[in-house]
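Below you'll find the structure, written out as structure tokens, and then a few comments.
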Amino acid sequence: MQLRLEQRQSTSRAMQYATPVIAAGLTMIAGIALFGVLGTDPFLALYTFFIQPLTSLYSIGELLIKATPLLLCALGLSVGFKGNVWNIGAEGQLTMGAIASGGLALAVYAQDGPWLLPLMLLAGALGGMAWAAIPAFLRTRFNANEILVSLMLTYVAVQILGHLVHGPWRSPEGFNFPETRTFGDWGQLPILVEGTRLHAGVFVALLVFLAVWLFLSRSFQGFKVTVAGQAPAAAAYAGFSNKSVVWVSLMISGATAGLAGTVEVMGTIQQLQPVISPGYGFAAIIVAFLGRLHPVGVVLASLLMSLMYLGGESLQMSMNLPLAVTGVFQGLLLFFVLGSDVLVRYRIRLVRTHQTEPA
Amino acid sequence: MTPQLDLREITKRYPGCLANDRVGLTVMPGEIHALLGENGAGKSTLVKIIYGVVKPDAGEIWWNGSQVDIANPNAARALGIGMVFQHFNLFESLTVAENISLGIDPGHDLAKLTNEIGEISERYGLPINPHQHIHTLSVGERQRVEIIRCLVQNPRLLIMDEPTSVLTPQEVEKLFETLRRLASEGCSILYISHKLDEIKALCDTATVLRLGKVTARCSPADETPKSLAEMMIGSALPVTKKSTNRELTEEPLLELRGLDLPAADPLGTHLQNVTLTLNRGEVVGLAGVAGNGQKELLAAINGERLAPDKAMLRLDGRDVGRDGPEERRVQGLAFVPEERLGRGSVPEMSLTANTLLTWHHKGQVKRGFVDLAEVSAQAITIREMFDVRCPGVEAEAKSLSGGNLQKFIVGREILQEPEVLILGYPTWGVDVGAAAAIRQAILNLSATGAGVLIVSEDLDELFEICDRIAVIAEGRLSPARRTGNTSIEELGLWMSGQFEAAEVSDAA
């Protein structure tokens, strides 16, 4: 008897939907084993991690707040990943978006009006796009690898933010803390539900979700991106310019990441600080793949990922476990998603070997 | 007499298909035996079983009177089975002798081997210098190296897999002499091909496979190419009809004017001063041995690689040398590329999406958005008019058989009603029925006034449907001759690059 991987005649649609669920299940099992080894009650830990954050209105608000930037970043990234454009620097573009929109809010401090709100969103998107334009230009002009360029630019962006909040943009009334003034009223997104911190950024995410869905499923440019990703030679044959695919992908993911940074500072933080994201831009890579690079899947995946952030915090608070558990869970999840992906194109068969042959 | 090789009830099953179904094959000593069948009939699986690459699920292999188990190619070679593959396995930077010494069991003397190579090369008419480096050899010479590599091991059975696709007609004749000589000395030859004329000329007996089963055993000398083809496809051969006595007008649709394009990669071919005119209603064929610049020329005509000067390519009177594929398509160009999967189509996309791939400049895209209903209707039309057999237009391209996918791609390009249609190897690896349908569609298109340029290695095909034929060799193009005014011999000579004299006489 032996197990054999056999290629499927066509990719399995059922497995395409089932693998994220299988991966989530395997992550749970690995989690139980992990907590068992750590000497904590695995079921209590899993309850604290996955269920407890859903038991109050406030924490459901928190769930959506954290899912918003994840969703925004992951939607943009999934467009690029479909087109074989590997933007790993959403975190940097998110930071630049926050700097651009925050800078605008500070520049017009105390003279703002209703016009500021849409302008800040626009500035944030443009900031992210400008940061993503650097890898796009270097890739199309010099064939520089966008993975490395976009990743390294993340650290540059974080340094720039640190410089600004420690120096020129530091709040004059802030007792020398490294943070800016709190944005004016029109620089803050309105709270949606009383008693929570849930802000209107969720709507921004939903609008972007609809736009990306429409782009990928119905637009010709979206089709070009998908062809370029699946069969580069076919794209060249049809005359779809690879340069434009790189630019379109990076501009879209830059804009959505910039928006993510913007809604984060406008809605949740309401000022600029040295750290504005606990790695949303990187976690969004996992979200994009967990969601099968499909907008609907990405929505579900961003909720799950957000839950893992909250779960990590509640484990830390009520069971004294290190916050690193969140990272471990994210890693396990990505590992199992990529691993179980094999099942989409292959099936496992048990083969009875009727003859054993000498080597 | 004991058969050299006797296969009994060989069965091999792959997921979703029965590649060999109780196949029997008997090859006598000194016999040249043809293995005949369409693509997907199970020929390569059977050969891989004989050469020990694939294990059969059931069945027996008898070698010279005793049953054997061929576990791997080394075991096959030890028995005396040699094989010349369609794709060569040679190290470019090593010499002929070094390559041959790598292919045989270790522990021999290179100097002695070099002598041996000299002897074999003389005895079988395979001229080669053992000290030459592979990268300096032509394709025909490389094939000789592969053959000699088998012969130094004194094989009792030599398997040749589609050996003539890379040879000029003259080289084919030489190869046949070598094979006849070998056979006369008692070596059996298993010859795999779908070129029926060759099999008739060379082989003593033939086994015909269809859908994994043996459907006929015959003596090719007693058959006609037509009857052999009918055994292969299992039904009457479709006939292509050419409208006779068409008056060709001199109205240029596509003009290549001194196209000069350096190779894009070190192994590519430099196109030099390529000049050709394709007129309205005309079918022009481009013959040549593979790897002489066909790939580069097709990419240059489609616009995947731009010409250095816009005037080097004219399409319907306009200079398009610097325009990309989409712009040329708008000007009336359509192109069926050499590779069906991954270039002519996106393997994991539906036929509908693959219709959109090249058919999007005639109202299918409105304000950036795709009219899916329209595209889907076009895909259905292609499927119906070109008899594409598939579950529906939402089927993935890769789930179609080669012939059906090719019919789909040819249909997609023809139904765009192009002024100029370019085809790269349109019937390569396509079953006989589909090939005939494709040729007929090409003729029908040219009858409506379009110009058609076909690049193919199949001279019979070119003679059947072309008005004029030219040859490409080492990146240069010969003059195009009227099909009636040329011969296989002349084209064969041109394929080796000897058409300088013809150019002069043509110009005069």
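For residue B:226, give me every one of the aspartates and glutamates with a C-alpha distance below 18 angstrom, ignoring sequence neighbours fewer than eight places off in its own chain. Cα-Cα hits under 18 Å: B:38, B:197, B:198, B:204, B:431, B:458, B:460, B:461, B:464.
Semi-axes of the equivalent ellipsoid of chain A: what are they in whole Å, largest first, if each equals the square root of 5 times a C-alpha gyration tensor eigenvalue?
Numbers: eigenvalues 278, 158, 60 Å².
Each semi-axis is the square root of five times an eigenvalue, giving 37, 28, 17 Å.
If both residues of a DSSP beta bridge must be in chain B, then about 50% of such bridges are antiparallel. Its relative contact order, with pairs defined as Cα atoms under 8 Å and 6+ residues apart, puts segment B:354-494 at 15 percent. Between residue B:109 and residue B:380, the contour length at 0.36 nm per residue exceeds the alpha carbon distance by 91.1 nm. Note on segment A:179-295: Cα-Cα pairs beyond 18 Å make up 62% of the total pair count.
Could you give the C-alpha radius of gyration of chain B expressed as a fraction of 2.2 N^0.38 Å, taking N as the number of residues it contains? Let's see the in-between values first.
Numbers: Rg = 24.3 Å, N = 508, 2.2 N^0.38 = 23.5 Å.
In units of the 2.2 N^0.38 Å rule of thumb, it is 1.04.
With the simple spin-label model, which puts each label point 7 Å out from Cα in the Cβ direction, the residue B:2 to residue B:131 separation comes to 4.4 nm.
Across segment A:79-277 the C-alpha pair distances fall into 5 Å bins from zero in the proportions 1, 8, 15, 18, 17, 14, 10, 7, 5, 2, 1, 0, 0 percent. Taking every residue in A:209-220 and counting other chain Cβ atoms within 10 Å of its Cβ, the average works out to 2. Annotation: amide H of residue B:279 within the under-5 Å range of B:253, sequence separation 5 or more or interchain, hydrogens built in the peptide plane. Once the Kirkwood radius over Cα pairs is known for segment A:279-332, the Stokes-Einstein relation at 4 °C and 1.567 mPa s delivers a diffusion coefficient of 114 µm²/s.
For the listed peptides A:116-127, B:311-322, a ranking on the average number of other beta carbons within 10 Å per residue, highest first, reads A:116-127, B:311-322. Our note on the geometry: Cα centres of segment B:385-429 and segment B:96-173, 40 Å apart.
Taking every residue in B:355-367 and counting other chain Cβ atoms within 10 Å of its Cβ, the average works out to 2. Under the criterion of Cα pairs below 8 Å and six or more residues apart, the relative contact order for chain B equals 15 percent. Placing pseudo-labels 7 Å out from each Cα toward the beta carbon at residue B:13 and residue B:330 gives an inter-label distance of 5.6 nm.
The value for segment B:5-147 of Rg(Cα) / (2.2 N^0.38 Å) is 1.21.
Classify segment B:129-284 as rounded, prolate or oblate, taking a ≥ b ≥ c as the square roots of the eigenvalues of its Cα gyration tensor: rounded when a/c is under 1.5, otherwise prolate if a/b is larger than b/c and oblate if not. Mind dumping the intermediate values first?
On the way: a/c = 2.85, a/b = 1.23, b/c = 2.32.
Since a/c reaches 1.5 but b/c is at least a/b, the shape of segment B:129-284 is classed as oblate.
Legend: calculated FRET efficiency, residue B:72 to residue B:39, from the Cβ-Cβ distance at R0 = 25 Å, rounded to 0.05, equals 0.45. Exposure proxy shown here: for B:231, B:495, B:28, the number of other Cβ atoms within 10 Å sets the order, fewest to most, as B:28, B:231, B:495.
Do you know the relative contact order of chain A, to the nearest whole percent, from alpha carbon pairs under 8 angstrom that are 6+ apart? Intermediate values should be presented prior to the final figure.
On the way: 633 pairs, mean separation 126.3, N = 359.
Here the relative contact order equals 35 percent.
Over what distance in Å are the Cα centres of segment A:52-108 and segment B:15-78 separated? Distance between centres, Cα-based: 60 Å. Need the C-alpha centroid separation for segment A:166-184 versus segment A:298-339, integer Å. Using only Cα atoms, the two centres lie 32 Å from each other. If the segment from residue A:203 to residue A:111 were pulled out straight at 0.36 nm per residue, it would be longer than the present Cα-Cα gap by 30.5 nm.
With the highest mean first, a sort of the peptides B:38-51, B:177-190 on other beta-carbon atoms found within 10 angstrom per residue produces B:38-51, B:177-190. Binning the C-alpha pair distances of the protein assembly as shown at 10 Å intervals from 0 yields a P(r) profile of 2, 10, 16, 18, 17, 14, 10, 7, 3, 1, 0 %, listed from the shortest bin outward. The label-point distance for residue A:193 and residue A:30, in a model that sets each label 7 Å from Cα toward Cβ, rounds to 3.1 nm. The Cβ shell under 10 Å around residue B:61 holds other residues with a net charge of -2, Lys and Arg each +1, Asp and Glu each -1. Across peptide A:224-236, the mean count of Cβ atoms from other chains lying within 10 Å of each residue's own Cβ comes to 5.
For segment A:202-359, the Cα-based Rg and Dmax, in that order, read 20.8, 72 Å. A Förster radius of 35 Å combined with the Cβ-Cβ distance from residue B:236 to residue A:233 puts the calculated FRET efficiency at roughly 0.40.
The gain in end-to-end length when the residue A:347 to residue A:320 segment is fully stretched comes to 5.5 nm, 0.36 nm per residue minus the alpha carbon separation.
Since every read-out is calculated from the coordinates, none of them should be taken as a lab result. In this text, all values refer to a predicted model and were calculated from it rather than measured experimentally. Cβ coordinates were reconstructed from backbone atoms using ideal geometry, including for glycine residues, and neighbour counts include every protein chain displayed.
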